[in-house]
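Trainee: Pasting in a structure now, in structure tokens, and then I'll have a few things to ask.
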Amino acid sequence: MDILHEESGWELPQYIIDNLKHIPRSYQSEAIRYFHYTQTSETFKHRNPNQLMFNMATGSGKTDLMAGLILYLFKEKGYQNFLFTVNTNGVLSKTIDNLVNVQSDKFLFNSHIEIDGVRISINHISGNFPDFPNKHDINIKFLSIQTLTNELFTQAENVMSLKDYQREKMVILADEAHHYSASTKKKSKEELEKASWEKSLLSLLHTHTDNLLLEFTATLDFDDETIYEKYRDKIIYRYALDSYIKDGFSKNVRRIQTGNSNEENMLSVILLSEYRRKFALETFGIDIKPIILFKSQKIDASHEANRLFNEMIDNLTVETLREFLTSQSKSVPDEQSHTLQLAYQYYLEQDDLLTVVKEIRRGFSPTRILNANDTDNSSKGLLETGQYQALNSLESPSNLYRVIFAVAKLTEGWDVLNLYDIVRISSLGKMTDKKDTKSTNSEAQLIGRGARYNPFPLNQKISYQRRFDEEDETASLLLETLHYHTLNEPQYIKNLMASLDKMNLATGTDGKNPPIEIKLKPSFKKTRIYKTGKVYYNETEKIPDSHYKQLHNYGIEISKIATIPYFKSTYETGYLTAESIELKTSQLREIDIRYFKKSISRSNFFRFSNLKKYLPNLKSIEDFLGENWLDLQNLVLSVITEKETIVEDFSAIKKLKIVDNFFNLLSSKIKAGYRKERGTNRFIGYSISEYLADYPKRVPNYDTAKHSNSFIEQNVSNISFEKFDFFAYQSAIINRNKENLVNAIANHVDELKEKYGDVFLIRMDENMLKGTNKIEQLKLHQFEKNPRELTFSGFQPDFILLLQNKDYYLQIFIEPKGEQLVEKDRWKEELLSYINDHQEELIFEDEVDGVIIKGLKFYNKENSEQTLNQLAQIALEKSQFWGNIRMNLF
């Protein structure tokens, strides 16, 4: 395009980047660049582009974009007066915090704004814009569209009339702009109101020849002829929801559709929410607070649901919980909801359901519930009911709310990142109008808002895009997926899917799809390796109770788990790069021993009778706190916080929370470490023909937004490898990283075949032997003498490369590993390296000659070349493959 060529050298000015709290994402920078073209390019000279629309997905940062545009228009075009308007008080108040309240955590500018060496002030204007403004001031006035309309067309004192707005040029920032356009042929009260709002904005626009009207919305109905004609030449930038999801800036979205009652759905989602929290803490050492939203159609129904919820929590006992788990694990199978099955099985395996019940009663008590409905059914807003601050600070550790009950107030303008479950409360009546999608349109918008990504610290880094692909199943489902729970009402589901399609919001059912049969190639079954070959894994041995004499014997390094992530709030809008977030680790030396004793006294796990099950040599609780075990007198906790956090100012509640997190993590480590088995250096060969088999596996599925131009690409898919004669299976369900590994080996297979007559790569999928005892035999276990991190659970490397000639039978373990999991699974790579470096220690069950077991470093985007070079060194005794040209496989 000529316009792009004409302005191709323009980049986002540094003063915008320097003065915004969040580094703009690529699409936000592009939106400002396109706006710059409209204001400077000859192409737009005669189009008078004074009314423009930014069609941006929910959660994509429209307000951050506004902040950038304000700086641009102030510096480049001399605008000092800005009027922000929207149709709800909640969004209005939130935006005041965003744009002018420097004390707010959600303020989007840096605390000190400086352009060309001059300090710039941003002022909140409550009356008239100043007649003689300071040239270094940016003035922003905030009015709801209702108030603005009344003031413009009703004579009153101390308000700005149309005549007052004529004095200086101004920029109007109109948010949720889809409310300002009346539809074709409709004369309802709502449409007449929209028409009056539209008239107000256009009247303001025309009060000065240099005025600008910039509109922002995530929702535009292009099927409506009037809407289409109005905006077809005004949309300057569009970043739709499907692109937002595809680019990884959102959670995945899954629908859980069951035949459960409302009460059963309530208890299921509580268990799932707690499982999310525990999984994050026990697996990654991070403390998240998952929020549940119960959505009703009517206020009375919402209050009734709130009452039933409280009643259910009050009546929950160990017996009713166990009965519920047993029943639900059968009535809601994997095919209906895999995530719920994970939660049910987690709790069914717990020895102490009494602690679970107590935690649920405490975590979901009435004081942890926020009802966002007006109790008197009036038109009062959230501000009048005093709930605005609580609703917009749900990510904060000091905000204890876990559950929200609401009808329609939260569909727009609600900023929450840690919303993981939306539960539709079903009304008794059926949906009778098959074409009525008004309510499902609203719910689809709410799902889109709830899908905003919740950044969390991992390996002391923050990411604002999804880290786990869907092959890292549990982590993806629990930490990066929003679940929408509903009853399985066919007509409602049909309407909801139509609404999701209309929004281009890619979702899928949470149930597992019909399995795909992964088959061994007939040609592989005819080979010598298949018929007579073996795969080798090391044997385990029983660990006597006498071994467990201190926490180190459980693989626990107190110094590691005594460092607890604790952030003042989730990174609410999340446009910072991981490198730009400054974190620090600080010691908490002032925590009194009473905090530890109080925390431990509240935990059933640390009762002596229970602790003795896992610490067989423990003599008493005092012994546990003493120098032989916890050494509480010398224990120092540390916290990972934002750089500006002053840990010395932590309240007693915060300190106790940190201690609770430490003991929660310690309990999970103790349970994981008491395995009673450990690896040895004795390797056993398992017959390939007996252990390798065909197996079923499922691919994640999306069934809405299929026709979107940016339909979400599957991170995990069924890849055919028929063309590769060295690959043992016809296909494999794998992610991109694993596919890249197979392709990389394919590039060098001819060179390998020059030395080895038989070259075969085998995908060792855990589904292959699922449900049999054999699955545990095909695992590697630590057998190092003094591993850096002791881990008793085994693992199955994803691939085995078998190379055979007349002299050698070489088995190489290969483990592709995404960067986000490298640190967590470092012990696996260290075990593979130990095998390489201690060949003389390996003992084989059978008297075999020429068998060599080796392992490679993790394979991923960052070190693919190093891993391939290591393969060349092991297999060919050379520094690299002769054809090892660096390829852009990623």
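The values are calculated or read from the model by the stated rules, or taken from the named source; none is laboratory data. Quantities reported herein were computed from a predicted structural model and do not represent experimental measurements. When we count neighbours, we look across all protein chains shown, and the Cβ atoms used for this are built from the backbone with ideal geometry, even at glycine.
Trainee: For ILE658, are the conditions met, namely being within 30 Å of PRO455 (Cα to Cα) and touching a residue at least 40 places away in the same chain (Cβ under 8 Å)?
Mentor: Criteria met by ILE658.
Trainee: List, please: which pairs have Cβ atoms under 9 Å, are six or more places apart or on different chains, and start with a residue in region 849-868 that is surrounded by 21 or more Cβ atoms within 10 Å (Cβ to Cβ) and end with one that is modelled with pLDDT under 90 and of a type in the set (Val, Ile, Thr)?
Mentor: PHE858/VAL822
Trainee: Can ASP97 be described as surrounded by fewer than 22 Cβ atoms within 10 Å (Cβ to Cβ) and closer than 30 Å to GLY248 by Cα?
Mentor: Here the answer is yes, as ASP97 does meet what is asked.
Trainee: Here is a follow-up. Please return the ranges of strands (runs of 3 or more DSSP E) entirely within region 776-881 where 2 or more residues are touching a Gly at 6+ places or on another chain (Cβ under 6 Å) and either within 20 Å of VAL759 (Cβ to Cβ) or modelled with pLDDT under 90 (or both).
Mentor: 809-814
Trainee: Which one of these is farther than 27 Å from LYS106 by Cα, surrounded by fewer than 19 Cβ atoms within 10 Å (Cβ to Cβ) and at pLDDT below 85: LYS560, LYS584?
Mentor: Answer to the selection: LYS560.
Each row is one residue, and each column tells you yes or no for (1) over 28 Å from the mean Cα position of the chain (by Cα); (2) assigned by TED's automatic domain parsing to the domain that holds PHE456; (3) in contact (Cβ under 8 Å) with a residue 12 or more places away in the chain.
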{"residue": "PRO290", "(1), (2), (3)": "no, yes, yes"}
{"residue": "LYS298", "(1), (2), (3)": "yes, yes, yes"}
{"residue": "ASN315", "(1), (2), (3)": "yes, yes, no"}
{"residue": "VAL318", "(1), (2), (3)": "yes, yes, yes"}
{"residue": "SER337", "(1), (2), (3)": "no, yes, yes"}
{"residue": "TYR346", "(1), (2), (3)": "no, yes, yes"}
{"residue": "ASP352", "(1), (2), (3)": "yes, yes, yes"}
{"residue": "GLU359", "(1), (2), (3)": "no, yes, yes"}
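Trainee: Also: Which residue pairs have Cβ atoms under 7 Å apart, sit 6 or more places apart or on different chains, and have a first residue in region 154-182 that is in the same structural domain as PHE82 (by TED's automatic domain parsing) and on the phi > 0 side of the Ramachandran plot and a second that is assigned to a loop (DSSP other than H, G, I, E, B) and charged (D, E, K, R)?
Mentor: If the second residue must be assigned to a loop (DSSP other than H, G, I, E, B) and charged (D, E, K, R), the pairs left are GLU176/GLU412.
Trainee: To continue, here is another question. Can you tell me which residues in region 594-622 are hydrophobic (A, V, I, L, M, F, W, C) and either in contact (Cβ under 8 Å) with a residue 12 or more places away in the chain or exposed (fewer than 15 other Cβ atoms within 10 Å of the Cβ) (or both)?
Mentor: Passing the criteria: PHE596, ILE600, PHE605, PHE606, PHE608, LEU611, LEU615, ILE621.
Trainee: Oh, and also: Just name the residue that is surrounded by the most Cβ atoms within 10 Å (Cβ to Cβ) out of those in region 439-464 that are at pLDDT 80 or above and in a loop (DSSP other than H, G, I, E, B).
Mentor: So the residue we want is ALA451.
Trainee: What are the residues in region 814-841 that are among the hydrophobic types (A, V, I, L, M, F, W, C) and either surrounded by fewer than 20 Cβ atoms within 10 Å (Cβ to Cβ) or within 27 Å of GLU480 (Cβ to Cβ) (or both), if any?
Mentor: Within region 814-841, ILE814, LEU821, VAL822, TRP827 meet the criteria.
Trainee: Another question about this same structure. Given (1) in a loop (DSSP other than H, G, I, E, B); (2) within 30 Å of THR527 (Cβ to Cβ); (3) touching a Ser or Thr at 6+ places or on another chain (Cβ under 9 Å), identify the lone condition not met by ALA693.
Mentor: Answer for ALA693: the failing condition is (3).
Trainee: Now for a different question. If we scan region 611-626, do we find a residue that is within 14 Å of VAL659 (Cβ to Cβ) and out of contact with any Pro (no Cβ under 8 Å at 6 or more places or on another chain)?
Mentor: Checked against the condition, which is being within 14 Å of VAL659 (Cβ to Cβ) and out of contact with any Pro (no Cβ under 8 Å at 6 or more places or on another chain), region 611-626 yields at least one hit.
Trainee: Take the conditions within 22 Å of PHE606 (Cβ to Cβ) and not aromatic (Phe, Trp, Tyr) and apply them to VAL332. Does it pass?
Mentor: So VAL332 fails the test.
Trainee: Hey, does region 623-632 have a residue that's of a type in the set (Gly, Ala, Ser) and either assigned to a helix (DSSP H, G or I) or surrounded by fewer than 14 Cβ atoms within 10 Å (Cβ to Cβ) (or both)?
Mentor: No, region 623-632 contains no residue that is of a type in the set (Gly, Ala, Ser) and either assigned to a helix (DSSP H, G or I) or surrounded by fewer than 14 Cβ atoms within 10 Å (Cβ to Cβ) (or both).
Trainee: Would you please name the residue that is surrounded by the most Cβ atoms within 10 Å (Cβ to Cβ), looking only at residues in region 137-153 that are in contact with a strand residue (DSSP E or B) (Cβ under 8 Å, 6 or more places away or on another chain) and of a type in the set (Val, Ile, Thr)?
Mentor: Step by step, filter region 137-153, then rank; the result is ILE145.
Trainee: Quick one: would you say GLU766 is surrounded by fewer than 21 Cβ atoms within 10 Å (Cβ to Cβ) and free of Cβ contacts under 8 Å to residues at least 24 places away in the same chain?
Mentor: Considered against the rule, which asks whether it is surrounded by fewer than 21 Cβ atoms within 10 Å (Cβ to Cβ) and free of Cβ contacts under 8 Å to residues at least 24 places away in the same chain, GLU766 comes out as no.
Trainee: Related question: Would you be able to tell me the number of residues in region 731-747 that are in contact (Cβ under 8 Å) with a residue 24 or more places away in the chain, of a type in the set (Gly, Ala, Ser) and part of a helix (DSSP H, G or I)?
Mentor: 1
Trainee: Taking the conditions exactly as written (more than 36 Å from the chain's Cα centre (by Cα) and of a type outside the set (Lys, Arg)), does PHE142 satisfy them or not?
Mentor: no
Trainee: Another question about this same structure. Just checking, which of PHE82, PHE107 is under 28 Å from ILE245 (Cα atoms), hydrophobic (A, V, I, L, M, F, W, C) and either in contact (Cβ under 8 Å) with a residue 12 or more places away in the chain or not assigned by TED's automatic domain parsing to the domain that holds TYR15 (or both)?
Mentor: None of the others qualify; the one that does is PHE107.
Trainee: Still on this structure: Just checking, how many residues over region 107-136 are closer than 13 Å to LYS75 by Cβ and surrounded by 11 or more Cβ atoms within 10 Å (Cβ to Cβ)?
Mentor: Summing the residues that are closer than 13 Å to LYS75 by Cβ and surrounded by 11 or more Cβ atoms within 10 Å (Cβ to Cβ) in region 107-136 gives 5.
Trainee: Return yes or no: is SER121 in a strand (DSSP E or B) and either over 39 Å from the mean Cα position of the chain (by Cα) or over 18 Å from ILE172 (Cα atoms) (or both)?
Mentor: yes
Trainee: Something else about it: Please give the helices (runs of 4 or more DSSP H) falling wholly within region 15-105 in which 3 or more residues are modelled with pLDDT under 90.
Mentor: 26-40, 89-99
Trainee: In region 499-515, is there at least one residue being among the hydrophobic types (A, V, I, L, M, F, W, C) and surrounded by fewer than 20 Cβ atoms within 10 Å (Cβ to Cβ)?
Mentor: No, that holds for no residue.
Trainee: Where in region 207-280 are there strands (runs of 3 or more DSSP E), lying wholly inside it, with at least 3 residues that are on the phi < 0 side of the Ramachandran plot and crowded, with 21+ Cβ neighbours inside 10 Å?
Mentor: In region 207-280, the matching strands (runs of 3 or more DSSP E) lie at 212-217, 252-258.
Trainee: Test GLU751 against the stated conditions and say whether it is within 18 Å of LEU856 (Cβ to Cβ) and in a loop (DSSP other than H, G, I, E, B).
Mentor: no
Trainee: Sticking with this structure for a sec: Can you find, within region 475-508, the residue that is nearest to ARG254 (Cα to Cα) among those that are of a type in the set (Ser, Thr, Tyr) and over 18 Å from the mean Cα position of the chain (by Cα)?
Mentor: THR486
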